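The values are calculated or read from the model by the stated rules, or taken from the named source; none is laboratory data. Since the model is a prediction, treat every value here as computed from it, not as a measurement. Neighbour counts are summed over all protein chains in view; Cβ atoms, including those assigned to glycine, are modelled from backbone coordinates with ideal geometry.
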């Protein structure tokens, strides 16, 4: 799969996640999707991300979760979305399982060709 093909698949899967979340009563707003190499480097230097971020390949998105009108900052609140995301494709990864949980992060592992 080429990078563009995977990016297109990622968009479709994010759409499915958004539809699933909405149908289950969750509110979502967009967080960060694309990240420049400079921003990824800055984040890594400040302990808020990694230099090799999948956001740079447009294979990651941060979604903000709202439950009953309240913005959720606890990764555990995102668990139902993360579990749904992971079952959509074998490359889907949820940030709530990272060593430093990042519940609002949804990405796809990159294994293709450019």
Revision key, fill the gap. Scanning segment 57-92 residue by residue, those in contact with a helix residue (DSSP H, G or I) (Cβ under 7 Å, 6 or more places away or on another chain), buried (at least 17 other Cβ atoms within 10 Å of the Cβ) and either modelled with pLDDT under 95 or under 19 Å from residue 1 (Cα atoms) (or both) turn out to be 57, 58, 59, 60, 88, 92
Check your understanding: Is it true that residue 48 is over 12 Å from the mean Cα position of the chain (by Cα), outside any helix (DSSP H, G or I) and farther than 23 Å from residue 90 by Cα?
Key -> yes
Study note, to complete from the structure: Given (1) under 20 Å from residue 6 (Cα atoms); (2) over 12 Å from the mean Cα position of the chain (by Cα), residue 25 misses just (1)
Practice item. Would you mind stating whether residue 101 is farther than 20 Å from residue 7 by Cα and part of a loop (DSSP other than H, G, I, E, B)? Key: yes
Point to revise | Selection within segment 32-56 - exposed (fewer than 13 other Cβ atoms within 10 Å of the Cβ) and within 16 Å of residue 103 (Cβ to Cβ) | key: 48
